[in-house]
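Visitor: Can you keep this structure in mind? I'll have questions shortly.
The values are calculated or read from the model by the stated rules, or taken from the named source; none is laboratory data. Source: prediction; values computed, not measured. FYI the Cβ positions are ideal-geometry reconstructions off the backbone, even for glycines, and counts take in every protein chain you see. Accessible surface is based on the protein model in full, side chains and every heavy atom, while ligands, DNA and RNA are left aside. Shrake-Rupley method; radii C 1.70, N 1.55, O 1.52, S 1.80 Å.
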Amino acid sequence: MSLKAMTTRFDMAKALVEKAKRQRNEIGDHGDPYEEALLTGVVSIELKIIVKEIFDHLRSALDYCAREICHQCSNGISPKVVYFPIVSKDFQRSDFKSRVGKLMPGVLDSRPDLLTILESFQPFASVDNNWIADFATLCNENKHEQLSVTQCTSGTGVVSKTDDGIFRVSNFKGDGVTPFTRSPLMLLQNFPLDGSGEYTFTYISFTAIDEELLWFLDRSISGIEHIINALKSKL
């Protein structure tokens, strides 16, 4: 089998990520479905479809990688059912080897070294990987046509002015305590015109994971692109 044929699935995975990037760029600007949702208070079918397709592409990209690894580790005879392993935030590292054995049969028999890199993407390896468990949650919702994209109206912000005249703005989720990883696109209400005080705002979120839509899409795209490149470099 030629090298070109062996790398086809990784190429497909990368192409799917590029497709997800293009669809992500369709939202988050003036006159687009995201802004329409902010202004009307209704998340449109169009926005839901864009988000659904992005998750479909990203999840498929990971599974293409898993199938390519199985293919290369089994001399071209791949198992029929293969999935990229993603575990929950409370999953124990000690149980992960058996999970890989179930979802990617035969891989660890010929390439036991791949367990370490597959572990490195999981929540038990680092809290920085918690996003992938959230990603799996949304993919499962997506599969069952229950993707919880909704308008959230409980965000709060605070504007203050320092002694040297610099304005500082802090935005928080509905609890008034948890800051955003990245300030979301938002529709402001009651913004203090004098530059000091509190205000409220509207943004679009995934309710199941309590994360702003655009930030989480960007995090998922960059994270999965990293996984694809890291896995390919090991084969």
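Visitor: Applying the selection to segment 1-28, what residues are outside any helix (DSSP H, G or I), modelled with pLDDT under 90 and either touching a Ser or Thr at 6+ places or on another chain (Cβ under 6 Å) or open to solvent by 60 Å² or more (accessible area, probe 1.4 Å) (or both)? Spell out how you get there, then give the answer.
Guide: Looking only at segment 1-28, we keep the residues that are outside any helix (DSSP H, G or I), and these are 1-2, 7, 25-28.
Subsequent filtering for residues that are modelled with pLDDT under 90 retains 1-2, 7.
Scanning segment 1-28 gives M1, S2.
Visitor: Could I ask something else about it? Out of all the residues in segment 27-46, which are among the hydrophobic types (A, V, I, L, M, F, W, C) and over 16 Å from the mean Cα position of the chain (by Cα)?
Guide: A37, L38, L39, V42, V43, I45
Visitor: Moving to a separate point now. Could you give me the residue pairs with C-beta distances under 8 Å whose first residue belongs to segment 195-221 and is farther than 21 Å from I132 by Cβ, whose second residue is aromatic (F, W, Y) and crowded, with 21+ Cβ neighbours inside 10 Å wherever it lies, and which are 6+ apart or on separate chains?
Guide: Between residues of segment 195-221 that are farther than 21 Å from I132 by Cβ and residues that are aromatic (F, W, Y) and crowded, with 21+ Cβ neighbours inside 10 Å, the close pairs are I204/Y34.
Visitor: Can you pull out every residue in segment 209-222 that is touching a helix residue (DSSP H, G or I) at 6+ places or on another chain (Cβ under 6 Å) and either crowded, with 18+ Cβ neighbours inside 10 Å or at pLDDT 95 or above (or both)? Step through it out loud before you land on a result.
Guide: The first filter runs over segment 209-222 and keeps only residues touching a helix residue (DSSP H, G or I) at 6+ places or on another chain (Cβ under 6 Å), leaving 209, 217, 219-221.
Selection gives L217, R219, S220, I221.
Visitor: When the residues of segment 75-115 are narrowed to those that are over 17 Å from G223 (Cα atoms) and polar (S, T, N, Q), which ends up least open to solvent (accessible area, probe 1.4 Å)?
Guide: Filtering segment 75-115 for residues that are over 17 Å from G223 (Cα atoms) and polar (S, T, N, Q), the one least open to solvent (accessible area, probe 1.4 Å) comes out as S78.
Visitor: Of all residues in segment 106-124, count the ones that are more than 19 Å from the chain's Cα centre (by Cα) and among the small types (G, A, S).
Guide: Total satisfying the criteria: 2.
Visitor: Follow-up question, since we're still on this one. How many of the residues in segment 38-53 are touching a residue at least 24 places away in the same chain (Cβ under 8 Å) and in a helix (DSSP H, G or I)?
Guide: The qualifying residues number 8.
Visitor: So, in segment 29-48, exactly how many residues are open to solvent by 80 Å² or more (accessible area, probe 1.4 Å) and of a type in the set (A, V, I, L, M, F, W, C)?
Guide: Qualifying residue count for the region: 3.
Visitor: For segment 151-173, does any single residue satisfy the condition of being at pLDDT 90 or above, assigned to a loop (DSSP other than H, G, I, E, B) and open to solvent by 50 Å² or more (accessible area, probe 1.4 Å)?
Guide: Within segment 151-173, not a single residue is at pLDDT 90 or above, assigned to a loop (DSSP other than H, G, I, E, B) and open to solvent by 50 Å² or more (accessible area, probe 1.4 Å).
Visitor: Same structure, new question: Output the qualifying pairs, or none if there are none: Cβ atoms under 7 angstrom, residues six or more apart or on different chains, first residue in segment 64-92 and at positive phi, second residue assigned to a loop (DSSP other than H, G, I, E, B).
Guide: G76/M1
Visitor: Now for a separate question. Can you name the residue in segment 34-80 that is aromatic (F, W, Y) and out of contact with any strand residue (DSSP E or B) (no Cβ under 9 Å at 6 or more places or on another chain) and, of all such residues, is farthest from M12 (Cα to Cα)?
Guide: So the first thing to find is which residues in segment 34-80 are aromatic (F, W, Y), and the list is 34, 55, 64.
This time we only want the ones that are out of contact with any strand residue (DSSP E or B) (no Cβ under 9 Å at 6 or more places or on another chain), so: 55, 64.
On the way: F55: 15, Y64: 7 Å.
If we take residues in segment 34-80 being aromatic (F, W, Y) and out of contact with any strand residue (DSSP E or B) (no Cβ under 9 Å at 6 or more places or on another chain), then F55 is farthest from M12 (Cα to Cα).
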